[in-house]
Structures are given as structure tokens and as C-alpha cells.
1. State yes or no: is Ala216 among the aliphatic types (A, V, I, L, M) and assigned to a loop (DSSP other than H, G, I, E, B)?
2. Which residue is farthest from the ligand (Cβ to nearest atom), if the candidates are limited to the range 345-383 and must be among the β-branched types (Val, Ile, Thr) and not in a strand (DSSP E or B)?
3. Quick one: is Leu408 within 22 Å of Thr158 (Cα to Cα), away from the ligand (no atom under 14 Å from the Cβ), open to solvent by less than 20 Å² (accessible area, probe 1.4 Å) and hydrophobic (A, V, I, L, M, F, W, C)?
4. Out of the residues in the range 183-227 that are more than 9 Å from the ligand (Cβ to nearest atom) and of a type in the set (Phe, Trp, Tyr), which is least open to solvent (accessible area, probe 1.4 Å)?
5. Conditions first: (1) farther than 26 Å from Ile401 by Cα; (2) open to solvent by 60 Å² or more (accessible area, probe 1.4 Å); (3) in contact (Cβ under 8 Å) with a residue 12 or more places away in the chain. Trp147 passes all but one, so which condition is the exception?
6. Does Ser258 qualify as being in contact with a Pro (Cβ under 7 Å, 6 or more places away or on another chain) and near the ligand (Cβ under 10 Å from one of its atoms)?
7. Tell me whether the range 231-240 contains one or more residues that are outside any strand (DSSP E or B) and surrounded by 20 or more Cβ atoms within 10 Å (Cβ to Cβ).
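The values are calculated or read from the model by the stated rules, or taken from the named source; none is laboratory data. Owing to the predicted nature of the structure, the values given are computational and were not obtained by experimental measurement. Cβ placement follows ideal geometry from the backbone for every residue including glycine, while neighbour counts extend to all protein chains displayed. For accessibility, only protein heavy atoms count, side chains too; no ligands or nucleic acids. Shrake-Rupley method; radii C 1.70, N 1.55, O 1.52, S 1.80 Å.
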Amino acid sequence: MRAPLQQIETSGELPQSADAVVIGGGIVGVFAAYYLARRGMKVAVVEKGRMGAEQSSRNWGWCRQQNRDARELPMATRSLDLWERFAAEAGENTGFRRCGLLYLSNDEAELAGWAHWRDFARTAGVITHMLDSSEASERGGATGRSWKGGVFSPNDGTADPSQAAPAVARAILKLGGSVHQNCAARGIETEGGRLSGVVTESGTIRTKMAVMAGGAWASSFCHQFGFRFPQASVRSSILSVSPGAEGLPDALHTAKISVTRRGDGGYTLAISGRGRVDVTPQQLRFSSQFVPMFLKRWRSLAPGGLQGALSGHETLKRWRLDRPTPMERVRILDPVPDQATIRLTHARALDLLPDLGKTRISAAWAGYIDSTPDGVPAIGEIHSVPGLFLAAGFSGHGFGIGPGAGHLVADLVTGAEPIVDPASYDPRRFDAPSWGKVADF
Ligand SMILES: Cc1cc2nc3c(=O)[nH]c(=O)nc-3n(C[C@H](O)[C@H](O)[C@H](O)COP(=O)(O)OP(=O)(O)OC[C@H]3O[C@@H](n4cnc5c(N)ncnc54)[C@H](O)[C@@H]3O)c2cc1C
């Protein structure tokens, strides 16, 4: 089942040329295109399915600095401002609110970890409040339990995954850009070693600048022209319930269950970090680079099945540019949710927050979370193809930092002062034998 998602109209004919082409209409691609269009560039977004229909509509909607890795924290902080500014400057509603995020725990080690992060966050000017037992129990009153402690991050918030990417797409249209759905980019053309065009199923767009923001499909696309991008995905299954519960926090995380208020007044329910690994040829190819990540996360991962291999997003096959590709066969990556996880998630949520008993399950879905080996996105020019930029591998954090990532891409494409230091995101780091520690999720 697909996650709820607003639909938008596709632009008319594919342009013959553009100043920049963005491949992929997820949150990263649309924000990249938006910030390019704001600089006066003629931008075309090509999306093989529907805008936002993969990870960007399937997530919880958290936009957080809380517990972010040092490499991503500046982008997370800038993104919160950009979410806010976007609504004012574009007149579009992404559902973003600085509602604050609440974390509750009875585990001393977890609380110590959050306190440690708070000390680091202070050095970056980020405000987060550690809660003692009485404060945590009061803020978590809807659980009817007492808690040893917790954290409240007042400046963080949530946006609505069913609204956000379509809202940004509408803003691109207002700025004179075009948005082409059911239009897969099959590959690229080069002249003299530089990018000269993007080949789509509906024709070729001449351009000197393009952005590959294809989420879980990025590595197999790059494989077509020999660029090695280590990327692997995990299937995460979640559900939503109808409106009706009262007095719940807007966004609550506990080790067993996380709950987020949706734009329609319902809630998204999920178990943090839990996922299934559906083995694919690409995962086997990059397995040695993912060992540190796997060792860090194996407790919450379980073996999956064959649906990842069958869907083709992690294929190692080469395809022709004049024939349909796997991206036209699977317009929307819509994996089957893990029913055991859905049942467990719902049962845990009802146990923790009894008022959820007044609601009913409205939808359940899964999404492939695409990750890099260090859990930090790859954003930067692909140096073997000047003019082509990669923005993928958002490792479960890309929705909240979508605006900052899109802004950074636009900075790099136009040679402007980057909004944050791009060094940590350079895709070339994976060519080296080691690339730093694995980020927390
Ligand atoms: C269950 C779940 C919970 C999550 N929770 C959070 C959260 O609370 N907060 C957070 O920050 N992040 C969260 N994430 C992660 C977040 O959703 C992703 O990191 C983010 O949406 C990635 O955005 P993207 O634009 O890179 O990719 P996507 O949203 O996957 O978009 C990529 C798009 O590119 C298109 N595409 C691919 N190849 C081509 C091609 N060749 N031609 C044309 N189109 C192409 C695809 O169809 C797709 O629409 C979660 C993810 C999941 C699955």
C-alpha cells in the first residue's frame, strides 16, 4: 500500500534544453530544483513515477537536530530555517511546524548518551533540554507511566510527508520550472568528457548541468557510466492511524515505539531503526564497505526476501538508452510491508498510549531507506563527469535536511558560497580505504 500523497499536474512537453535537469522528484530533488529556479535558472525535474512517491512520502516527517551526527548538524540547523522560510517565500504549505520532539527513556545508558549529545550540541549553539524523571513523566503524561528521564528539543519539528514534495514542486512551477512525471531518466550524454544531455524515456534534454537525486536508484544509475557509488537499502515498515486520539505529544520517541502527529490529525506509528534486509546484487557488491554499518545496526535488522532483487533498483545490469529500463517497469518503489512489524508496532503503540485505542489503522506501507556506508549523504560533483552532481544516500535523515541539501546542491551547481561546508559529503570519500565513523540514525 502506498503512503498518502498529494498529487500534482505534470508540465506539458519535455523541454529540448534546460540550464539544469534534476533527476528524481523526492524532497532532495525538488528542493535542489527550487533553489536553482530561484537563481533564475531554467530547470526541469524528471521523475519516473509521481513527485514524492518513494521515501519522501513514506517517512515519519521528523526534521531534527536532536542526536544528529556532527557532520550533519549544521545542515540540519540550516534546514529548519529553510523549511520555515520556504512557506513564507513560496506561499506553499509543507505542514512544517516547530512542534519540538520528545524523547523518553528508562535506560540509564540511553539517557547518558543523550546528555553527552546535549553537551556537544551546546558547542554548536543548539538548544536541547534534558528532562529529569518528574519532567519526563509530566511531558509523557499521555503514557500514564513514570519515566527515568528524557529530552525535549524545542526548536525541532515535523513536516507532512504527504504534502511536502508536491508543495515544493508547485513552487518550482511558479518560478517557471517544469516538472515531468512518469518520465524516467535513462542515462546521460557527454561531449568532450563533460555532461551535455540527460536522456529520458520521452526524449533528450540538452543541458550542461544535472543533479542525480534518485534516492535508492542512484547507484544503479551511476553504474551505467562507470561511477562507483556504494549504496544499500533497508526495508522499513510503518503504519498510520486515523484522527481521534487526544492529548498525545506531537512527536514522541521511545526505544519501543515512535509516534508522530500527521497533518490530518492522525498519527504515524513506527519502531525506530527496525528493518529488513532484502538482499540484492548491489548489496553483495558493496557488502565489505557496509560491514561497520551492519555491525552497528544488526540488532534491529532481520533478513528479508527477494523483493529488493526483483524490483531492480539495486541491479548491476547495464541497460540501453533506447529501450525501457527497470525504472519504467517499477514507476514507484512500493515494497510490501512486513506484517509482523506492523502488528508489533500497533500493539506497542496501543500499550504505550491507550488513547490510540480510539483510532483505527488507516494505512500501512514500507519504504526502502537508502544508505551510504557511513550513514552520511553523498552530495557533490561526480568528477569523472563534470556538470553532473550526485545527491543521494540520505541514510534515513533526508526528509528533515532536504531543504539544506537542496540548497547546497544549488550552491555547488552555481558556484555560490556553500550554505554549509560540503567536505563531509564529498562522494569521493568512499574511494579511500576508510571514511570516518558510522553516523547514528
Ligand atoms: C519509513 C521511513 C521513515 C523515515 N523517517 C524519516 C524522518 O522522520 N526524518 C527524515 O529526515 N528522514 C526520514 N526518512 C528518510 C527520508 O524519507 C529520505 O532520506 C528522503 O526522503 C530521501 O529523499 P530523496 O529525495 O533522496 O529520495 P526519494 O524520496 O526516494 O526520491 C527519489 C526519487 O527519484 C526518482 N527516481 C529515481 N531514479 C530516477 C530516474 N532515473 N529518473 C527519474 N526519476 C528517478 C524516484 O522515483 C523517487 O521519486 C525515512 C524513510 C523511511 C522509508
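1. no
2. Within the range 345-383, the subset among the β-branched types (Val, Ile, Thr) is 345, 359, 361, 369, 372, 376, 379, 382.
Pick out the ones that are also not in a strand (DSSP E or B) and you get 345, 359, 372, 376, 382.
Working: Thr345: 11, Thr359: 19, Thr372: 11, Val376: 12, Ile382: 14 Å.
That would be Thr359.
3. Here the answer is no, as Leu408 does not meet what is asked.
4. Phe227
5. It is condition (2) that Trp147 fails.
6. no
7. Yes, there is a match, as at least one residue in the range 231-240 is outside any strand (DSSP E or B) and surrounded by 20 or more Cβ atoms within 10 Å (Cβ to Cβ).
Yes or no, residue by residue, for (1) within 11 Å of the ligand (Cβ to nearest atom); (2) touching an Asp or Glu at 6+ places or on another chain (Cβ under 7 Å); (3) open to solvent by less than 30 Å² (accessible area, probe 1.4 Å):
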| site | (1), (2), (3) |
| --- | --- |
| Tyr34 | no, no, yes |
| Gly40 | no, no, no |
| Val43 | no, yes, yes |
| Glu47 | yes, no, yes |
| Met51 | yes, no, yes |
| Glu54 | yes, no, no |
| Arg58 | yes, no, yes |
| Gly61 | yes, yes, yes |
| Arg71 | no, no, no |
